[in-house]
């Protein structure tokens, strides 16, 4: 057990969305002296600061100080901070230990860990795997990249508690540097994403591979047979490889689309490897209503369904959503540029027999989408006007699908804010 009492520890990056809250509270509970430093101002960070009000934290905001990286015992870096950061280089040169919340959790967790990553489907697969395990182990912990702090769950975890974590490529970078992989691993798929952070698909894929590269021979990795990139990784796996392809015969339950058949198959493979019965797995699938912001049915108004898929931040994810639709659909897409080619979504739009109309949101990535489609149609700078325009075009039986295929920055704080605004505006339409 790491002894953190009286240690001076810098938390680098509190985050607008509270990414550093859990680790800060945990360190304080362990008796550490905590310095929280973030380049953003107190005004921008107000929601996160309010959550720490009254706690003995030393805040350094609007700047980073060299001393907070050189004259401390440990630095906890936010996953979004590149490892090449000058301040992390200062810490390394001074011999200061650098951790992430997730590496600390792996070192301290007494139970075997199930870790799930992938470009698409990881949140649904993680949540569904947790639901399957809860059929047998009601105390199952589900955390990670889900806005739930894993460290804050530690007090209730014993050696017998199942732990299911969603792991991002950034978190996996830190785990790889520490030589840590979960005992049960799953890669749902791999397609271009975060290429603004990674120099190439090869670098992005290598970050994802860290989820199994440090496993033991008795450990398990679940891989997609259909993914032509990921299925070549099997030879690198130290443990046992289990394949899934979405044709295992599991029911879809309340979900829809081939992408969800794959998510279900991946979750079921993990649950089976953990010893969960097929009957318990089927029960969990039948009761699983999905995850917010992912093909989430918000409301039906005069026969028009509004579906929130704001978490589709890549063209591939938006294409999967469009292809899953079985009714006439008005698609709301576009947004901030992630340096990704629009081809997957353009192909889906051009080949879709269900698409009735495309509404394009304004954003740095939207001109490229319009150009790829060969259209000069209006790009909506107002999210509410875009949704109202879609509703005016819709008829009973249609679905208005928000599946942007792009990031949200510029018009929104993040993709979750975009989804919450979609819900709010749809609520206003219902009142009209």
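Just a few scattered comments:
- Options 42, 51; residue that is modelled with pLDDT under 95, more than 14 Å from residue 10 (Cα to Cα) and in contact with a strand residue (DSSP E or B) (Cβ under 6 Å, 6 or more places away or on another chain): 42
- The number of residues in region 1-34 that are surrounded by fewer than 22 Cβ atoms within 10 Å (Cβ to Cβ), under 27 Å from residue 413 (Cβ atoms) and at pLDDT 95 or above comes to 2.
- Those residues of region 121-146 which are part of a loop (DSSP other than H, G, I, E, B) and in contact with a helix residue (DSSP H, G or I) (Cβ under 8 Å, 6 or more places away or on another chain), in sequence order: 121, 135, 136, 139, 140, 145, 146
- If the condition is being under 21 Å from the mean Cα position of the chain (by Cα) and on the phi > 0 side of the Ramachandran plot, then region 1-47 contributes 13, 15, 18.
- Criterion: touching a strand residue (DSSP E or B) at 6+ places or on another chain (Cβ under 8 Å) and surrounded by 21 or more Cβ atoms within 10 Å (Cβ to Cβ) - qualifying residue of 133, 128: 133
- Region 297-343: number of residues that are part of a helix (DSSP H, G or I) and surrounded by fewer than 20 Cβ atoms within 10 Å (Cβ to Cβ): 2
- Out of 405, 419, 397, 427, one residue alone is under 14 Å from residue 330 (Cα atoms) and either modelled with pLDDT of 95 or more or surrounded by 15 or more Cβ atoms within 10 Å (Cβ to Cβ) (or both). It is 397.
- Per-region count, region 213-232, residues under 20 Å from residue 174 (Cα atoms) and assigned to a helix (DSSP H, G or I): 1
- Checklist (1) assigned to a helix (DSSP H, G or I); (2) at pLDDT 95 or above; (3) within 22 Å of the chain's Cα centre (by Cα) applied to residue 259, failing item: (2)
- The lone exception for residue 358 - which of (1) out of contact with any helix residue (DSSP H, G or I) (no Cβ under 6 Å at 6 or more places or on another chain); (2) buried (at least 22 other Cβ atoms within 10 Å of the Cβ) it fails: (2)
- When the residues of region 279-296 are filtered to those that are surrounded by 15 or more Cβ atoms within 10 Å (Cβ to Cβ) and assigned to a loop (DSSP other than H, G, I, E, B), the one that is modelled with the highest pLDDT is 288.
- A single entry from 347, 362, 337 fulfils the requirement of being touching a strand residue (DSSP E or B) at 6+ places or on another chain (Cβ under 9 Å) and within 18 Å of residue 316 (Cα to Cα): 337.
- Residues in region 394-418 that are in a strand (DSSP E or B), within 16 Å of residue 311 (Cβ to Cβ) and touching a residue at least 60 places away in the same chain (Cβ under 8 Å): 401, 402, 407, 409.
- The lone exception for residue 387 - which of (1) in a helix (DSSP H, G or I); (2) under 25 Å from residue 121 (Cβ atoms) it fails: (2)
- Filter pass, residue 377 being in a helix (DSSP H, G or I), without any contact (Cβ under 8 Å) to a residue 24 or more places away in the chain, touching a helix residue (DSSP H, G or I) at 6+ places or on another chain (Cβ under 9 Å) and farther than 18 Å from residue 295 by Cβ: no
- Of the criteria (1) without any contact (Cβ under 8 Å) to a residue 60 or more places away in the chain; (2) part of a loop (DSSP other than H, G, I, E, B), which one residue 276 fails: (1)
- For region 8-110, the helices (runs of 4 or more DSSP H) that sit wholly inside it and include 1 or more residues that are over 22 Å from residue 147 (Cβ atoms) and outside the structural domain of residue 178 (by TED's automatic domain parsing) are 67-70, 86-93.
- When restricted to residues that are surrounded by 21 or more Cβ atoms within 10 Å (Cβ to Cβ) and more than 23 Å from the chain's Cα centre (by Cα), region 136-156 contains 0.
The values are calculated or read from the model by the stated rules, or taken from the named source; none is laboratory data. Just so we're clear, the structure is a prediction, and the values are computed from it rather than from any experiment. Using ideal geometry, Cβ is built from the backbone for each residue, glycine included, and neighbour counts are taken over all protein chains shown.
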